[in-house]
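Asks: One structure follows; several queries about it will come next.
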Amino acid sequence: MRLPQFAIFAQGTVAHEFIEFDVRAGVDRARAGRLITQLEQTPVSAGGVNLVVAFGADLWRRLAPDEVPAGLVDFGGIDGLDGKRVPATQHDAFLWISGSTSDVVFEHSREAMKEVAEVATVATEQSCFVHRDSRDLLGFIDGTKNPPQLEAPLAVLVPPGEPGAGGSHVFVARWIHDLDKFEGLPVADQERVFGRKKIDSVELSDDEKPETAHIARVEIDDEFGDELEIYRRSVPYGTLAEHGLYFVAFAADPSRFDRMLKRIFGLADGKRDRLTDFSRPVSGAFYFAPPLSLLGLKEEPLHEREEILRKIPLFERCSAHELRFIAARAEPHEYPASATLCKQGEKGGDFFVIVGGRAEARRDGSLLRTLGPGDFFGEIALIDEGPRSATVTSKSELRCLQIPSLQFRDVISQNADIAVRILDAVTERLRALLPPTQAH
Ligand code: CMP
């Protein structure tokens, strides 16, 4: 499984900053996007804060056209009953930085902005805080219905094997509360608006809970009646003049957001969430938070690597898209003569493609084959996750492209031609290891 952006699930932080970016006019959007993916690798994420990076549909499509998850679109807005609505305020990219104190979060937000200032401008920014025991400013505990930590990844991540696997769809909307109006209600009535008790978040019984209660509106089920989960990470914000909730939610499938919003705004069954009488969204956008392995995309070397890959027989039938997919996963490495690249009996490691120089594969000290430019090795242990079948040593200076094991699996599962060529080689290598048999 690909690694997700762990910060989606980070708990215990009290300071939050949300930033939406737009790519500057005239800047190459793919280059801008790649620079934004670098934020995960810079001091921004290493300095004691959590960072989630997400992209709008257009920018992500330009960055990784083969990794666009089903349903990723710009947010189109919602026009609900009684003039209640969610405006569409889509931007190109989204950052969420969270940490233990506001100064650290502020410093890192500035750092992040400086890193991308050349290609992007801040469209919106919002600092938020955790209020008491994770209560919304309206006084009710937020996120009570979230899946527990161990189940959250299932609810949130695009499943393995699909484009964008390991990533997550994000919905972001800033709500402004009318606190005076809400606080004017007796607590029992406030509880009917939410559908929960204020003090301890216990759900009202079905008899007490109105159909228009907030929690009755935000729960959505599949056709078998099983709940479709949305992972909420919303936090309050505000000044005395304007305050509310910065709503942030993650899901494996964006249609859950649509269904939830339609139920809240009365478009599903003519019933509108009563909370919308006390709070109104003033922004709304969809983003995609890719898995970690698709972040940190480097700038131009990709192009150079695509050229190198194109000349290697293993990849000769790949389309330009496929080459880009592989290039994004391959790292160039250079070795002096006599370096051991894989050692018989050891586990794990990379898949190697020789770009220049020579190497030898030996088993129990006996030479199996000399390998040169265009040859590859290291596939056997990655396929069966067993020990290396041979030791491979460089016989001259050696230049290789290396693909880590998880990414190697990605590459072969995406391209049948490569899989067949590797199978051919494995079969030939297997026969070389067997004692000769006589044909009859
Ligand atoms: P792996 O077992 O992962 O690590 C050692 C590699 O040596 C192995 O994958 C193959 O890529 C390579 N290898 C093993 N046997 C042969 C062979 N007979 N000819 C060429 N290469 C081989």
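The values are calculated or read from the model by the stated rules, or taken from the named source; none is laboratory data. These figures come from a predicted structure and were not determined experimentally. Virtual Cβ from ideal backbone geometry, glycine too; neighbours counted across all protein chains shown. Accessible surface is based on the protein model in full, side chains and every heavy atom, while ligands, DNA and RNA are left aside. Shrake-Rupley method; radii C 1.70, N 1.55, O 1.52, S 1.80 Å.
Asks: Within region 329-345, identify whether any single residue is out of contact with any strand residue (DSSP E or B) (no Cβ under 6 Å at 6 or more places or on another chain), touching a residue at least 12 places away in the same chain (Cβ under 8 Å) and open to solvent by less than 20 Å² (accessible area, probe 1.4 Å), and answer yes or no.
Replies: No, there is no match, as no residue in region 329-345 is out of contact with any strand residue (DSSP E or B) (no Cβ under 6 Å at 6 or more places or on another chain), touching a residue at least 12 places away in the same chain (Cβ under 8 Å) and open to solvent by less than 20 Å² (accessible area, probe 1.4 Å).
Asks: Take the residues in region 412-429 that are of a type outside the set (Val, Ile, Thr) and away from the ligand (no atom under 13 Å from the Cβ), then tell me which one is modelled with the lowest pLDDT.
Replies: Per the criteria, the residue is Gln414.
Asks: Next up: Residue under question is Ser102, and the condition is that it be closer than 25 Å to Pro281 by Cβ, among the hydroxyl-bearing types (Ser, Thr, Tyr) and open to solvent by 40 Å² or more (accessible area, probe 1.4 Å); does it hold?
Replies: Taking the combined requirement at face value, the residue satisfies it.
Asks: May I pose another question? Of all residues being part of a strand (DSSP E or B), out of contact with any helix residue (DSSP H, G or I) (no Cβ under 7 Å at 6 or more places or on another chain) and not β-branched (Val, Ile, Thr) in region 217-242, which is farthest from Ala70 (Cα to Cα)? Just the residue, please.
Replies: Among them, the one singled out is Gly238.
Asks: Is there any pair linking a residue in region 113-136 that is on the phi > 0 side of the Ramachandran plot to one that is open to solvent by less than 50 Å² (accessible area, probe 1.4 Å) and hydrophobic (A, V, I, L, M, F, W, C), with Cβ under 6 Å and at least six apart or on different chains, and which?
Replies: Final answer for the pair search is Ser134/Ile141.
Asks: Still on this structure: Those residues that are open to solvent by less than 80 Å² (accessible area, probe 1.4 Å), among the basic types (Lys, Arg) and touching an Asp or Glu at 6+ places or on another chain (Cβ under 9 Å), I need them from region 387-428; list them, please.
Replies: Listed by number, the list holds a single entry, Arg388.
Asks: Restricted to region 147-161, and to residues that are open to solvent by 60 Å² or more (accessible area, probe 1.4 Å) and among the hydrophobic types (A, V, I, L, M, F, W, C), which residue is farthest from Pro65 (Cα to Cα)?
Replies: Leu150
Asks: Which one of Asp221, Asp226 is closer than 21 Å to Ile78 by Cβ, out of contact with any Ser or Thr (no Cβ under 7 Å at 6 or more places or on another chain) and loosely packed, with under 12 Cβ neighbours inside 10 Å?
Replies: Unique residue meeting the criteria: Asp221.
Asks: If I go through region 301-347 residue by residue, how many of them are in contact with an Asp or Glu (Cβ under 8 Å, 6 or more places away or on another chain), outside any strand (DSSP E or B) and within 16 Å of the ligand (Cβ to nearest atom)?
Replies: 1
Asks: Filter region 162-196 down to residues that are open to solvent by 80 Å² or more (accessible area, probe 1.4 Å) and either free of Cβ contacts under 8 Å to residues at least 60 places away in the same chain or within 35 Å of the chain's Cα centre (by Cα) (or both) and give me whichever is farthest from Gly139 (Cα to Cα).
Replies: Per the stated criteria, the residue is Glu162.
Asks: So, Arg409, is that one more than 9 Å from the ligand (Cβ to nearest atom) and either in contact with a Gly (Cβ under 7 Å, 6 or more places away or on another chain) or polar (S, T, N, Q) (or both) or not?
Replies: no
Asks: Right, here's the next one. Would you pick out the residues in region 372-426 that are more than 30 Å from the chain's Cα centre (by Cα) and in a loop (DSSP other than H, G, I, E, B)?
Replies: Result: Gly372, Pro373, Gly374, Asp375, Arg388, Ser389, Ala390, Lys395, Ser396, Glu397.
Asks: Looking at region 363-386, which of its residues are near the ligand (Cβ under 9 Å from one of its atoms) and either hydrophobic (A, V, I, L, M, F, W, C) or open to solvent by 70 Å² or more (accessible area, probe 1.4 Å) (or both)?
Replies: Result: Arg363, Leu368, Arg369, Leu371, Phe376, Phe377, Ile380, Ala381, Leu382, Ile383, Asp384.
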